[in-house]
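Colleague: Dropping the structure in here first, questions after.
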Amino acid sequence: MKNIYIKSISLCIALTTLFSCTDYVSDSNVDPDEISGSDARNLFQGVLLADQFFHTSANVRDVMIWMNQANGENRQYVSLNDWNLSTASSFDSAWSLAYVNCLTNARFTRVNAEKELNYKLAGAAAVIEAHTMGTVTSMWGDVPYSDFDYTGKNKNPKFDKQSDVYISLQALLDKAIVDLNKPGKLPADKDLFYAGSTAKWIKLAHSLKAKYFLHTKQYANAKAEALLGISSASEDMKAVFGNSNGQSFNPYYDFLVDERDDYMSGNGYAGTLLDPSTTTYRGNAKTDESARYAFTYNTEYFSPYGLNIYGGDYGGTNGKFGSDSSMPLVTYGEMLLIIAEVDARTSFAAGLTSYNAYRAVLDGGYSIGINNNGYDAETFNYDAYAAGDFAQGGMENATTTETDQQALLREIFEERYIYFMGTYETLNDFARSNNAAKIQLKAGKAGTPQRLLYAQEEINANPNTPSPIPTIVTKTPVHN
């Protein structure tokens, strides 16, 4: 691992390609030579920025293309349509963001907050560390964690087993919850996600525990934590963006409009699921996806499915990928879907009840439009399903030989496929469920995508990198 203790790290944390240190992020400059001695309050906002940038940066676009939620249309993006053509060097940036910008600075924040006896802030920093590293291990499998030295003294940390990383993150989140209940104060003016609300940070910690228990197939624990997690749209953790050119744009918009406006479209299987004019449309007498379709797609650049980039910079009602459109990271909808999946694995009746509870929230406009109240004048409808809808011959099981329970689980995973578009979670779902959603990937490619490649910088610098190096089509250990 390259030297992570880089003097150029400041609270802008190498995010100058996305965020301004003077406009969007106020009062966040510190002396980069003294980052280890900086007060935790000033470090905190930079850690949040780094985490949200890691979760919305270039390799998430790769995942969208591999999962057939998007398509590479020009130059090097054409090659991304075949996951086997990806190169290790294309993952250097995300790996560095995770370890240098997120993990290193989260550790500094935690240590300094504890020195200042601000345990609440130490707890929140630990939650962000867990958010970053949970995604890292879900996408890469075995990764450096327990042996990682944020001061840079150990340049060759060992790779922990993926299962051990998840265990460590559960323990970290348990400690974070304890610390968040201790004395201290969260700086509201630096807290991009929750404006200093301790209660929301505690719910986020439980939500991450639920997510990671689901990843490791500890289903009862996943449901128990989801019930303690985010319980309303107002508690969603969302990446927040401004509307300043080259500084605070949503990274999707920045790429789709300012950087490479002809490289990537929304053409793919996901679009056909939401498009009422197709034979693969997932709507039916009880489901109208028109509003979610319009929120996600338009034809400004590509037909039939360009990604909806309307928003503050472009005009029109904010679409999913607008310049200042927030991006969901950990949400109420995710918790409801975790509960529905766990219940459906145990009992068809319980799963149907829980899935209908999620659909009732959608029926209010949740996740459709940035204000959770629909999109423009487009229609939407998510009526409750009945048991017969999943029986063989029912509207959700019309042409298969699935049991009602299998059909319900397929529907839940298909909903997750749509709901998590633009995140790493879609790849994790595909891998952990062996494509329970029955996603149609791009044809003619060898194998199926299962993970990201280890960064070339890590391969070159750290002799502990696993050998042989796994390929993209190699399952991670928890999915074997």
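Colleague: Amide H neighbours of Ala239 under 5 Å, counting only residues 5+ apart in sequence or on other chains, H built in-plane at 1.01 Å?
Modeller: Met327, Leu329
Colleague: Which distance in Å, rounded to a whole number, links the C-alpha centroids of the range 113-183 and the range 319-368?
Modeller: 27
Colleague: How would Ser90, Ser265 line up from fewest to most surrounding beta-carbon atoms within 10 angstrom? Before the final figure, lay out the partial values.
Modeller: Values: Ser90 17, Ser265 24.
Fewest to most other Cβ atoms nearby, the residues stand as Ser90, Ser265.
Colleague: Let me ask something else about it. Order these peptides, 364-373, 59-68, by their mean beta-carbon neighbour count within 10 angstrom, highest first.
Modeller: Ranking, from highest mean packing down: 59-68, 364-373.
Colleague: Charges only on Cβ, +1 for Lys and Arg, -1 for Asp and Glu: so what's the dipole of the chain about the Cα centre, in debye to the nearest 20?
Modeller: 1260
Colleague: Got a sec? Charge dipole of the range 32-479, +1 on Cβ for Lys and Arg, -1 for Asp and Glu; which of Phe44, Ala171, Ala437 is way out at the positive end?
Modeller: Ala171
Colleague: Here's a follow-up. To the nearest 20 debye, what is the magnitude of the charge dipole of the range 108-158 about its Cα centre, counting +1 on the Cβ of each Lys and Arg and -1 on the Cβ of each Asp and Glu?
Modeller: 100
Colleague: Over the Cα atoms, compute the radius of gyration (one decimal) and Dmax (the largest Cα-Cα distance, rounded to a whole number) for the range 324-443, in Å.
Modeller: Rg and Dmax of the range 324-443, Cα atoms, are 14.6, 45 Å.
Colleague: Among Asn243, Ala188, Leu208, pick out the residue whose Cα is farthest towards the positive end of the charge dipole of the range 140-261, where Lys and Arg carry +1 and Asp and Glu carry -1 on C-beta, about the Cα centre.
Modeller: Leu208
Colleague: What pairs from Lys175/Lys320; Lys238/Lys475; Lys190/Lys217; Lys155/Lys223; Lys200/Lys286 go past 32 Å between their alpha carbons?
Modeller: In this structure, Lys175/Lys320; Lys190/Lys217; Lys155/Lys223; Lys200/Lys286 lie more than 32 Å apart at Cα.
Colleague: Can you work out the base-10 log of I(q)/I(0) for the chain at q = 0.06 1/Å, using the Debye formula on its C-alpha atoms alone?
Modeller: Values, matching the q order: -0.25.
Each value in this text was obtained by applying a stated rule to the coordinates, not by laboratory testing. Computed from a predicted model, the values in this text were never measured in an experiment. Please note: Cβ atoms are built from the backbone with ideal geometry, for glycine as well, and neighbour counts cover all protein chains shown.
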